[in-house]
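Chemist: Please see the structure below; I have some questions.
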Amino acid sequence: MFLSIKNLNKHFGANHVLKNVSTNLKKGEVMSVIGPSGSGKSTFLKCINFLEYPTSGTVNLDGEFIGTDQDGKLMSEKVIHKQRKKFGMVFQNFNLFWHMNLVENIIEAPIRVLKIDRNKAIEIAEDLLKKVGLIDKRNSFPKKLSGGQQQRAAIARALAMSPEVMLFDEPTSALDPETINEVLKVIEKLAIEGMTMLIVTHEINFAKKISSKIMMLDEGVVIDDTNTNDFFNSTTNRRKYSFLNQD
Ligand code: ADP
Ligand code: MG
C-alpha cells in the first residue's frame, strides 16, 4: 500500500475525536471522506501530515513512517516538518498571501523551502497556473479574484511543492455555487493524472464520480470504508443511510 494509516486515535483533552481510524490507499487512488460536521474529518486529515499529532496510531507513506516510528515514538520536529512537505493541503479558506500576486504566492515556498532557483520556480508556477486555468491572472492579487479562482490558485500553490499526496479539506464549501464546478474540475483533472488524494467533501455526487473509495466517519468512528460502488450500493448501516438521505 502507498499510504497506510493504522489505528489512529486523537484526543483533545477528554474529547476522543478519532477512534481507531485505519485505511489504505494505493498510489493514484482517490478517497473521499464524508460524514457529519464534528465527526473528525478535518482532524483525520491533519493527523495524516502531523499538523495535529495523533495520540496513537501510525501513518506510513510509501514505506516510510510519518511523524512517529512504527511503535508510535514521536520523531523530531525537524523530521516531521520535512515529512509534512510530502503532503499538499488545501483548506476551505484558500490561505493565499494577500500581499503577493499569484506567481509570487506560488513560488514562495519552492524558493524558500525547496531552494529552487527563482527562474525555474517561475517556470513551474506558470505551468501550474496554466493547469488550473489562471495563467492570465499571473500578476493579479488574490483580492481581485473570485473565490473559485483563489481556490484554484491555492491548489496550484500546493502542487508547486511536488507533493506525493494531496489532502483537500472541504475545498468548495466556502465558494459561491457558480464557482464550485471550476474547482471540482481542477481536482478531477488531478485525479485523472494519477495524484493520490484524500478529499473531505459534502459534494456527494462529486465524490461518487472521482473517488475509487469512500470513507464515512461518524463521531470519530469509521462507519464504512470501501470502494465507491459498494459504498453507495449497501446502505444497510442506519447512520450511513440517514446521512446520505438527509436534505
Ligand atoms: P469535522 O471536520 O468532521 O467537522 P473536526 O475534525 O473539525 O470535525 O472536529 C472533530 C471534533 O474535534 C469536534 O468535537 C471539535 O470540536 C474537536 N476539535 C477539532 N479541533 C480541535 C482543537 N484544535 N482543539 C480542541 N478540539 C478540537
Ligand atoms: Mg472539518
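Chemist: May I ask you to list the residues in region 44-53 that are in a helix (DSSP H, G or I), out of contact with any Asp or Glu (no Cβ under 6 Å at 6 or more places or on another chain) and within 13 Å of ligand 2 (Cβ to nearest atom)?
Modeler: If we filter region 44-53 for residues that are in a helix (DSSP H, G or I), which is where we start, we get 44-48.
If we keep only those that are out of contact with any Asp or Glu (no Cβ under 6 Å at 6 or more places or on another chain) too, we end up with 44, 47-48.
Answer for region 44-53, where residues must be in a helix (DSSP H, G or I), out of contact with any Asp or Glu (no Cβ under 6 Å at 6 or more places or on another chain) and within 13 Å of ligand 2 (Cβ to nearest atom): 44, 47.
Chemist: A follow-up question, please. Mind checking whether some residue in region 68-91 is at positive phi, within 16 Å of ligand 2 (Cβ to nearest atom) and in contact with a strand residue (DSSP E or B) (Cβ under 7 Å, 6 or more places away or on another chain)? Working first, answer last.
Modeler: Of region 68-91, the ones at positive phi are 72.
Remaining after also requiring within 16 Å of ligand 2 (Cβ to nearest atom): none.
No.
Chemist: Something else about it: Would you mind finding the one in 85, 6 that is surrounded by fewer than 21 Cβ atoms within 10 Å (Cβ to Cβ), away from ligand 1 (no atom under 12 Å from the Cβ) and under 24 Å from residue 155 (Cα atoms)?
Modeler: Numbers: 6 fails: under 24 Å from residue 155 (Cα atoms).
None of the others qualify; the one that does is 85.
Chemist: Check 38, 28 and return the single one that is in a loop (DSSP other than H, G, I, E, B), surrounded by fewer than 21 Cβ atoms within 10 Å (Cβ to Cβ) and within 12 Å of ligand 1 (Cβ to nearest atom). Show your work before the answer.
Modeler: Working: 28 fails: within 12 Å of ligand 1 (Cβ to nearest atom).
Of the residues listed, the single one that is in a loop (DSSP other than H, G, I, E, B), surrounded by fewer than 21 Cβ atoms within 10 Å (Cβ to Cβ) and within 12 Å of ligand 1 (Cβ to nearest atom) is 38.
Chemist: Can you find even one residue in region 161-175 that is part of a helix (DSSP H, G or I) and open to solvent by 20 Å² or more (accessible area, probe 1.4 Å)? Spell out the reasoning first.
Modeler: Start the filter on region 161-175 by keeping residues that are part of a helix (DSSP H, G or I), which leaves none.
So far as region 161-175 goes, no, none of its residues is part of a helix (DSSP H, G or I) and open to solvent by 20 Å² or more (accessible area, probe 1.4 Å).
Chemist: Would you mind finding the one in 129, 96 that is under 26 Å from residue 170 (Cβ atoms) and not in a helix (DSSP H, G or I)? Give the steps one after another, and end with the answer.
Modeler: Working: 129 fails: not in a helix (DSSP H, G or I).
Within the list 129, 96, the selection yields 96.
The values are calculated or read from the model by the stated rules, or taken from the named source; none is laboratory data. All figures in this text were calculated on a predicted structure; none of them were measured in a lab. Neighbour counts run over all protein chains shown; Cβ positions are idealised from the backbone, glycine included. In case anyone asks, the SASA skips ligands and DNA or RNA and just uses the protein heavy atoms, side chains included. Shrake-Rupley method; radii C 1.70, N 1.55, O 1.52, S 1.80 Å.
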